[in-house]
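Read the structure below first, then the notes.
Values in this text are rule-based calculations from the coordinates and carry no lab data. Remember, it's a predicted structure, so these values are computed and weren't measured experimentally. When we count neighbours, we look across all protein chains shown, and the Cβ atoms used for this are built from the backbone with ideal geometry, even at glycine.
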Amino acid sequence: MLQTSNYSLVLFLQFLLLFYDLFVNSFSELLRTAPAVQLVLFIIQDIAILFNVIIIFLMFFNTFVFQAGLVNLLFHKFKGTILLSAAYLALSISFHVWVMNLRWRDSSRFVWTEGLQTLFVFQRLAAVLYCYFYKRTAVHLGDPLFYQDSLWLRKEFAHFRG
């Protein structure tokens, strides 16, 4: 079971990684003339997103629901967050690779192709949705219902069995 002090620490780490993601999304364009710095920020951002996904899965594995074998229940309840996190990671990596390829040789030029602008819009839209759903899931996983046997869990188990 996830203790309150451990949950607070994990939640703080998750929110810190989300804040870094928001920071890079907000201010990385100001560093377009320093491509090496921008590259490092992008790599750390992608690793932070990956760490957040790993942390959510570790929290899933720690629940009584998972240990009781109701993986489908967890997947069903948090399917949106799981899929959105994967999509956001893919969009972020795609955007970072594309923008670095365009700017690496000539960082003084302002280069925005139509495809890059489209990818930028989708990546930023996914970032907003990712932050909302991820925070909601992280807080929701702090519910004691997920860490102990309960009537709710028995009803869900009966629903999935039959």
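For the chain, the relative contact order works out to 31 percent when only alpha carbon pairs closer than 8 Å and six or more residues apart are counted.
When the Cα positions of N72, N52, L91 are compared along the charge dipole of the stretch 4-161, N72 comes out farthest toward the positive end, with charges on each C-beta of Lys, Arg, Asp and Glu.
FRET efficiency for the S8 to L125 pair, using the beta carbon distance and R₀ = 35 Å, is estimated at 0.70. Residues with beta-carbon under 12 Å from that of V97, excluding V97: net charge, scoring Lys, Arg +1 and Asp, Glu -1? Neighbourhood net charge equals 0. With helices as the sole contributors, the chain gives -27000 deg cm²/dmol at 222 nm; each DSSP H run of n ≥ 4 counts as -39500 (n - 2.57), and the sum is divided by every residue.
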